[in-house]
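Chemist: Attaching a single structure in structure tokens format; questions to follow.
The values are calculated or read from the model by the stated rules, or taken from the named source; none is laboratory data. This structure is a prediction, so every number in the text was calculated from the model and none was measured. Cβ placement follows ideal geometry from the backbone for every residue including glycine, while neighbour counts extend to all protein chains displayed. To get the accessible areas, we keep the full protein, side chains included, count just its heavy atoms, and leave off ligands, DNA and RNA. Shrake-Rupley method; radii C 1.70, N 1.55, O 1.52, S 1.80 Å.
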Amino acid sequence: MKVAIPKERRAGELRVAASPETVKKLKALGLEVVVESGAGLGSSIPDTAFEAAGATIAADAASALADADIVLKVQRPLLSGEGQGTDGGDVNELALFKKGALLFAILNPHNSRDHVKAYAEAGVNAFAMEFMPRITRAQVMDVLSSQANLAGYKAVVDAASEYGRAFPMMMTAAGTVPPARAFIMGVGVAGLQAIATAKRLGAIVSATDVRPAVKEQVQSLGGSFVAVENDEFRQAETAGGYAKEMSDDYKRQQAALVAEHIKKQDLVITTALIPGRKAPILVTADHV
């Protein structure tokens, strides 16, 4: 059985769906592993590292995907007319899949219905990794929590790089520099990591979320909580721990509160997501 690891072609995607360590595990199961040349370069993994782990290196996507029974990707494959891939020119990755192939990737199916239809028409069995049950047995396959954790950390590190001053209070011979004020919007896995990272760097941190249960979590990390705490707020969490979409009235009240709070902030990091829906717009041009 052949497993293909093609290069990621969506703009800005530097990850790769396998590492030399996972290739070794797949080989130990008796699988043939083929990696497209250059697939790991964005993650600083050269072709030679995959070869040393037992993978075969394919010259291009067509040869990597030819007769592949299983395709592992980070992002869903590009369709024709969807825009240029990183290689330039129109790309239709799905057209290279054989009928009956299994695709495992982050597919965003709720917001990509055209892709779901295309998988069906191509006879591809697609598995959306973000639908993996968030239970103990499936923890090692949880692409949401693992990547959100890293994203929250990296957001603060990138913000610190862009910010023109220091995060902590700096007492110098020429005077005192006040600490940066960081506002985290959305307190899930990414938001909590962002709060912790900003706090470790010395910022004064505040955060907001529509779920009442996270208030204590924010405070336990040393942040202050900002929200309109009315009856709707107190019931704004699903049984699975996710945020519910709030009423227009609540959104107006929260937007007014945030508009005043954001005026005093140096950095704003938005991590809020609603499963199956487009992420809410939290910061407008007026806020900026």
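Chemist: Output the residues belonging to region 95-127 that are out of contact with any strand residue (DSSP E or B) (no Cβ under 7 Å at 6 or more places or on another chain), of a type in the set (Gly, Ala, Ser) and surrounded by 12 or more Cβ atoms within 10 Å (Cβ to Cβ).
Modeler: Correct list: Ala95, Ser112, Ala118, Ala122.
Chemist: Take region 1-21 and flag every residue that is crowded, with 18+ Cβ neighbours inside 10 Å and within 20 Å of the chain's Cα centre (by Cα). Steps first, answer last, please.
Modeler: Step one: list which residues in region 1-21 are crowded, with 18+ Cβ neighbours inside 10 Å, which gives 2-9, 16-18, 20.
Those that are crowded, with 18+ Cβ neighbours inside 10 Å and within 20 Å of the chain's Cα centre (by Cα): Ile5, Pro6, Lys7, Glu8, Arg9, Val16, Ala17, Ala18.
Chemist: How about region 266-288: which of its residues are more than 19 Å from the chain's Cα centre (by Cα) and either outside any loop (DSSP other than H, G, I, E, B) or surrounded by 17 or more Cβ atoms within 10 Å (Cβ to Cβ) (or both)?
Modeler: Answer for region 266-288, where residues must be more than 19 Å from the chain's Cα centre (by Cα) and either outside any loop (DSSP other than H, G, I, E, B) or surrounded by 17 or more Cβ atoms within 10 Å (Cβ to Cβ) (or both): Asp266, Leu267.
Chemist: What residue, among those in region 243-259 that are part of a loop (DSSP other than H, G, I, E, B) and open to solvent by 80 Å² or more (accessible area, probe 1.4 Å), is modelled with the highest pLDDT?
Modeler: Within region 243-259, the first condition is being part of a loop (DSSP other than H, G, I, E, B), and the residues that meet it are 244-247.
This time we only want the ones that are open to solvent by 80 Å² or more (accessible area, probe 1.4 Å), so: 244-245.
On the way: Lys244: 66, Glu245: 69.
The residue in question is Glu245.
Chemist: Taking the condition out of contact with any Leu (no Cβ under 9 Å at 6 or more places or on another chain) and modelled with pLDDT under 85, does Glu216 pass?
Modeler: Details: out of contact with any Leu (no Cβ under 9 Å at 6 or more places or on another chain): yes; modelled with pLDDT under 85: no.
Criteria not met by Glu216.
Chemist: Then there's this: Looking only at region 16-32, decide whether some residue is of a type outside the set (Phe, Trp, Tyr), at pLDDT 95 or above, in contact with a Lys or Arg (Cβ under 7 Å, 6 or more places away or on another chain) and assigned to a loop (DSSP other than H, G, I, E, B). Quick ask: steps written out before the conclusion?
Modeler: Applying the first criterion (of a type outside the set (Phe, Trp, Tyr)) to region 16-32 yields 16-32.
Now narrow it down to the ones that are at pLDDT 95 or above: 16-32.
The next check asks that each one be in contact with a Lys or Arg (Cβ under 7 Å, 6 or more places away or on another chain); those that pass are 17, 32.
Now narrow it down to the ones that are assigned to a loop (DSSP other than H, G, I, E, B): 17.
Yes.
Chemist: Quick check: anything in region 68-88 at pLDDT 95 or above and in a helix (DSSP H, G or I)?
Modeler: no
Chemist: Identify, by number, the condition in (1) closer than 25 Å to Asp90 by Cα; (2) free of Cβ contacts under 8 Å to residues at least 24 places away in the same chain; (3) of a type in the set (A, V, I, L, M) that Leu72 doesn't meet.
Modeler: (2)
Chemist: Only one of these is at pLDDT 95 or above and on the phi < 0 side of the Ramachandran plot: Thr238, Thr208, Thr197. Name it. Let's see the steps before the verdict.
Modeler: On the way: Thr238 fails: at pLDDT 95 or above; Thr208 fails: at pLDDT 95 or above.
After ruling out the rest, the residue left standing is Thr197.
Chemist: Now for a different question. Residues that are open to solvent by 60 Å² or more (accessible area, probe 1.4 Å) and out of contact with any Gly (no Cβ under 7 Å at 6 or more places or on another chain): find the strands (runs of 3 or more DSSP E) completely inside region 128-220 holding 2 or more of those. I'd like the intermediate steps shown before the answer.
Modeler: Working: elements: 170-172, 175-177, 181-185, 204-208.
Here the list reads 170-172.
Chemist: Has region 5-14 got at least one residue that is over 24 Å from Ala122 (Cβ atoms), assigned to a loop (DSSP other than H, G, I, E, B) and in contact with an Asp or Glu (Cβ under 8 Å, 6 or more places away or on another chain)?
Modeler: Going through region 5-14, the residues over 24 Å from Ala122 (Cβ atoms) turn out to be 12, 14.
Narrowing further to those that are assigned to a loop (DSSP other than H, G, I, E, B): 12, 14.
Among the residues that remain, those that are also in contact with an Asp or Glu (Cβ under 8 Å, 6 or more places away or on another chain) are: 14.
Looking for residues that are over 24 Å from Ala122 (Cβ atoms), assigned to a loop (DSSP other than H, G, I, E, B) and in contact with an Asp or Glu (Cβ under 8 Å, 6 or more places away or on another chain), one finds at least one in region 5-14, hence yes.
Chemist: Going by the structure shown, is Ala118 closer than 21 Å to Glu13 by Cβ, part of a helix (DSSP H, G or I) and under 16 Å from the mean Cα position of the chain (by Cα)? It would help to see each step written out before you state the result.
Modeler: Numbers: closer than 21 Å to Glu13 by Cβ: yes; part of a helix (DSSP H, G or I): yes; under 16 Å from the mean Cα position of the chain (by Cα): no.
The answer is no for Ala118.
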